[in-house]
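Notes to accompany the following structure.
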Amino acid sequence: MPASDYVQGLRDRVGTDFLLLPAVTAVIRDGDRFLLARQRDTQRWSLVGGGIEPGEQPADAVRREVREELGVDATVEGIVGAYGGPPLEAAYPNGDRVGYVTIAYACSLSSDRFALERAELIETSWVELADLDALDRHEWIGQVLQDAARS
């Protein structure tokens, strides 16, 4: 997905220098399974989420991200945890460097029929923790899902 107007405005000023950005992550669970989504840009599995826009409450941001990426409404049930540091840092092909600090929210969905009409996601899958190591995934999601499984 293209950068938001806010991030693009920052990029216009700082170029590809490192930006630390606030984000949200949706932890969607069905019993012992968690919903993962494969991203179009990296082809890797991750959790649904994205950046918080200026003036936006984090819980509203996670609901917006779920709606944008899956086409369904989410109910926020609580906070799983907050995550950041090197595991959430990335360099994009255009040279932009970024680090995210994300608040992970436990969420439930209004439907399990997803509309992946946006170009951001390729597919979704329900996965058990034991199956994570077999997936090409963003490593940091393992910690988030372990924390969610304990709650």
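Nothing in this text is a laboratory measurement; each read-out follows from the coordinates by a stated rule. Predicted model, so just to flag it, every value in this text is computed and none were measured. All Cβ positions, even for glycine, are placed from backbone atoms using ideal geometry, and neighbour counts span all protein chains on display.
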Explain nothing, just the number: dipole magnitude of the stretch 22-144 about its Cα centre with +1 on each Lys and Arg Cβ and -1 on each Asp and Glu Cβ, in debye rounded to the nearest 20. 80 debye
Residues I52, I122, I103 arranged by fewest to most Cβ contacts within 10 Å: I122, I103, I52
Taking θ as phi - 60°, what are the ³J(HN,Hα) couplings along the stretch 9-18 by the Karplus curve (6.51, -1.76, 1.60), each to the nearest whole Hz, with x for Gly and Pro? x, 5, 4, 4, 8, 10, x, 8, 3, 4
Amide proton proximity set for L21, modelled H, under 5 Å, gap of 5+: G99, Y100, V101
Long-range amide H contacts for L116: which residues qualify at under 5 Å (H placed 1.01 Å from N, peptide plane, sequence gap of 5 or more or a different chain)? none
What percent does the relative contact order of the stretch 22-144 come to when contacts are Cα pairs within less than 8 Å and at least six residues apart? 36 percent
Residue-normalised 222 nm signal for the chain, counting each DSSP H run of n ≥ 4 as -39,500 (n - 2.57), nearest 500 deg cm²/dmol, is -7000 deg cm²/dmol
What is the set of long-range amide H partners of R137 at a cut-off below 5 Å, with H atoms built 1.01 Å from backbone N? W45
Among A23, G9, Q39, flag the residue with its Cα farthest along the positive direction of the charge dipole of the stretch 4-49, charges on Cβ as +1 for Lys/Arg and -1 for Asp/Glu. Q39
Rounded to the nearest 0.05, what FRET efficiency is calculated for S108 and R11 with R0 set to 41 Å and r the Cβ-Cβ distance? 0.70
